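Here's the structure we're looking at; comments come further down.
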Amino acid sequence: MANALDGVAAMRLAELQDPASVKQVPTRNGFGEGVIEAGKSNRNVLAICADLSESTRMLGFKEALPDQYIEIGVSEQMLVAMAAGMASTGKVPFIASYAMFNPGRSWEQVRTTMALNETNVKIAGAHAGVSVGPDGATHQAIEDIAIMRCIPHMTVVVPCDSIQTKRATLAVAAMDGPVYLRFGREKTPVVTTGETPFELGKAQIFREGKDVAIVVCGILVYNALIAAQTLAREGIECMVVNNHTVKPMDEKTIVEAAERCGAVVTVEEHQISGGMGSRVAEILAQRRPAPIEFIGVADQFGQSGDPAELIEHYGMGSGAIEAAVRRVIARK
Amino acid sequence: MSTLTPQRITELQLHATNVREGIIRSLLAAGSGHSAGPLDMADVFTVLYEHVLNHRPKEPLWDDRDRLLLSCGHIAPVRYSAMAYGGYFPVEELLTLRKFGTRLQGHPERVRLPAVETTSGPLGEGLAQGTGMALSAKMDGKSWRVYVVTSDAEHQCGLHWEAAMTAAKFKLDNLIAIVDRNFIQIDGSTEDVMPLEPFADKYRAFNWEVFECDGNDIAQFTETIEKAKAVKGRPSVIIANTVPGKGVSYMEGDYTWHGKPPNKEQADVALRELQAERERLTANG
């Protein structure tokens, strides 16, 4: 346990502020910066896009590294299979569309040509979650983690803010193997700094606590930290674990957090069914049973609306997290 | 004019007969698998491995090899047999087809058997991956080519046409698709199940160069593929008209042999017929 907690001091998080004044940047911007840097340092890195270069933030890559950029139009199955072919010749393709279409539409190509085929393709799933907002349910991927984490060989990464998304992009570019990298559309709070460490497969303890472990990934890390801060005023001390690598998950840190707190709340902008929290439950059921509450979308589709309003409506706001913490404490 | 001498044609026909024997023996040993497609493509695979491909069987992952992709993975026995008779691995390994621990999986896997290039079986994915490889070769200034063997029925898959569109966009004249036009699929004739005609026109509309030939005529197929290699500025497709089950009389033209193997008695008949063909070719040659 000591080792994991030693990391807290080194996390150097941004100062928590209310949403009105906190710095907000879309996670996709971090991807856009990261993929350019990866492409400049390795000329085999390619960016392949299915008619969404601006919104997936591949446009900068196209301008900076035109010889490494490929546009293939609205054909998401092609996006995956073609990239797999290119990867088999030594390329490192990043392929971008909305998560709903890639990997949403292209699942079998992902399984066969990327994973079973063991090709070094990186899926950039943009506009994940209900926080896409006004586009509505058709464009809100909330099943993508489930359908990616069940595929052998796949690495699944859900960074928490724009800075971490950039670091994750560079990290997955440097590793060999198929990856699903998930990020969102909206501006969301920046909770890390340039000095916050990042290592694939290593969950991060962003806040220490002894009463409940909140295990969270993606843009809801901010809400989890706000909930923990609010609860601390009532004397409830929550550990907050940024569980950015959904697969392979950092089992050691998850088990130690459950051991320390004896109760867990998982938080993700995804269906409860099959997501990051499901994996946490699989690990804990086997290794350290503890009461768990799950924050996520409860077997529903999204709809049009303001992102913040949708996060609240589907029960993923900081208030909902606080309520889940209280419920799980009552079950200890 | 084909570059093949009459003697070379006979040699290749004999080789194709051996490849057919390997197909029958491996299917019999496996007890499951597809018969008609592998048999009808034995001539095409013989020409590819023995005449067309720039490859090194003893160095299967040689960087500059031509890439041969089998999109319709279910006809894997013909590829395995052509590889075995082409020197990639011992012919007796064919008897491990579809058995536990084999490199010769029911549908091919790149990671298990070097130089099959892709994992295939789910239809309609080969041309997409081949397009990616051919584009890589262009980007890197490489001279190796990509050949993608497809079934006719997998042209019912949308992804195949996404690939056809993309290959034309990037003017991939280092990419040649070869269609096993045998008109059969699991549920019957392609034209009953989901009509593909006018087939050649579809490719023309996608800005491909189109060739048609008898896929069971070694000289004609060889001549056609040489023409396709000379095309500049666009990808080529060879529609190879084949007779399903070619070389085994009771299978020829019968779609019910698409997805099943011969039993012992049927295999014996097939092997006797192939032996007779071998003797005929040897006598003539």
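With angles folded into 0 to 90 degrees, how steeply does helix A:27-41 sit against the dominant principal axis of chain A? Use alpha carbons for both and round to 10.
The answer is roughly 50 degrees.
Need one number for the range A:1-108: average projected area of the convex hull over its C-alpha atoms, nm².
10.4 nm²
What translational D, rounded to a whole number of µm²/s, comes out for the protein assembly as shown from Stokes-Einstein when the hydrodynamic radius is the Kirkwood one over Cα pairs, at 10 °C and 1.306 mPa s?
61 µm²/s
So which of A:Lys210/A:Lys332; A:Lys122/B:Lys99; A:Lys62/A:Lys166; B:Lys58/B:Lys227; B:Lys202/B:Lys232; A:Lys166/A:Lys187 end up more than 23 Å apart, counting from Cα to Cα?
Cα-Cα > 23 Å for A:Lys122/B:Lys99; B:Lys58/B:Lys227; rest within.
Enumerate the amide H contacts of B:Ile178 below 5 Å, restricted to partners 5 or more residues apart or on another chain; note that Pro and chain-start residues carry no placed amide H.
B:Val148, B:Val149, B:Thr150, B:Ile238
With each run of n ≥ 4 DSSP H residues scored as -39500 (n - 2.57), what mean residue ellipticity at 222 nm is computed for the protein assembly as shown after dividing by its residue count and rounding to the nearest 500 deg cm²/dmol?
My calculation for the protein assembly as shown gives -11500 deg cm²/dmol from helical runs alone.
Would you mind checking which residues have amide H under 5 Å from A:Leu46's amide H? H placed 1.01 Å from N; only 5 or more apart, or other chain.
A:Val92, A:Phe94
Apply the Karplus curve 6.51 cos²θ - 1.76 cosθ + 1.60, θ = phi - 60°, to the phi angles in the range B:39-53 and return the couplings in whole Hz, x for Gly and Pro.
The phi angles translate into 5, 6, 9, 5, 6, 4, 5, 5, 4, 4, 6, 9, 10, 8, 5 Hz.
Given R₀ = 51 Å, FRET efficiency for B:Glu212-A:Ala137 by Cβ-Cβ distance, to 0.05?
0.60
Helix A:276-287 versus the longest principal axis of chain A: what angle, 0 to 90°, nearest 10, using Cα atoms?
60 degrees
Within a 10 angstrom radius of each residue's Cβ in B:138-144, how many Cβ atoms of other chains show up on average? Whole number is fine.
2
Near B:Lys171, which aspartates and glutamates are there with a Cα under 12 Å away, not counting those fewer than 8 places off in the same chain?
Partners found: B:Glu209.
Give me A:Met154, B:Met133 ranked fewest to most by other Cβ atoms within 10 Å of their Cβ, as a rough exposure proxy.
By the 10 Å Cβ count, ascending: A:Met154, B:Met133.
For a footprinting-style exposure proxy, rank B:Thr119, B:Thr3, A:Thr253 by other Cβ within 10 Å, fewest first.
Ordered by Cβ neighbours within 10 Å, fewest first: B:Thr3, A:Thr253, B:Thr119.
Using r as the Cβ-Cβ distance of B:Arg204 and B:Thr5, and R0 as 41 Å, what FRET efficiency do you calculate, to the nearest 0.05?
For R0 = 41 Å, the calculated efficiency reads 0.75.
Tell me, what is the Rg over Rh of chain A, with Rh the Kirkwood radius over Cα pairs?
On the Cα set of chain A, Rg over Rh gives 0.96.
How large is the translational diffusion coefficient of the range A:24-189 in µm² per second when you combine the Kirkwood radius over alpha carbon pairs with Stokes-Einstein at 25 °C and 0.890 mPa s?
163 µm²/s
Per-residue Cβ counts within 10 Å, from other chains only, averaged over A:83-95: what number is that?
Shielding by partners across A:83-95 averages 6.
Over its Cα atoms, what ratio of radius of gyration to 2.2 N^0.38 Å does the range A:196-332 give?
Relative to the 2.2 N^0.38 Å estimate, the range A:196-332 comes out at 0.97.
Using the count of nearby Cβ atoms within 10 Å as a rough guide to exposure, how do A:Ile236, A:Ile292 rank from fewest to most?
Lowest to highest Cβ neighbour count: A:Ile236, A:Ile292.
Once the Cα atoms of helix A:251-261 and of chain A are each reduced to a long axis, what angle between those two axes, in degrees from 0 to 90 to the nearest 10, is obtained?
In chain A, helix A:251-261 runs at an angle near 20 degrees to the longest axis.
For the range B:182-188, just list the computed ³J(HN,Hα) in residue order, Karplus coefficients 6.51, -1.76 and 1.60, θ = phi - 60°, integers in Hz, with x standing in for Gly and Pro.
Karplus values, whole Hz, x for Gly and Pro: 10, 6, 10, 8, 4, 8, x.
Where a number appears in this text, it was derived from the coordinates with a stated rule and is not lab data. Note that the structure is predicted; figures quoted are calculated from it, not measured. Backbone-built Cβ (ideal geometry, glycine too); neighbour counts: all protein chains shown.
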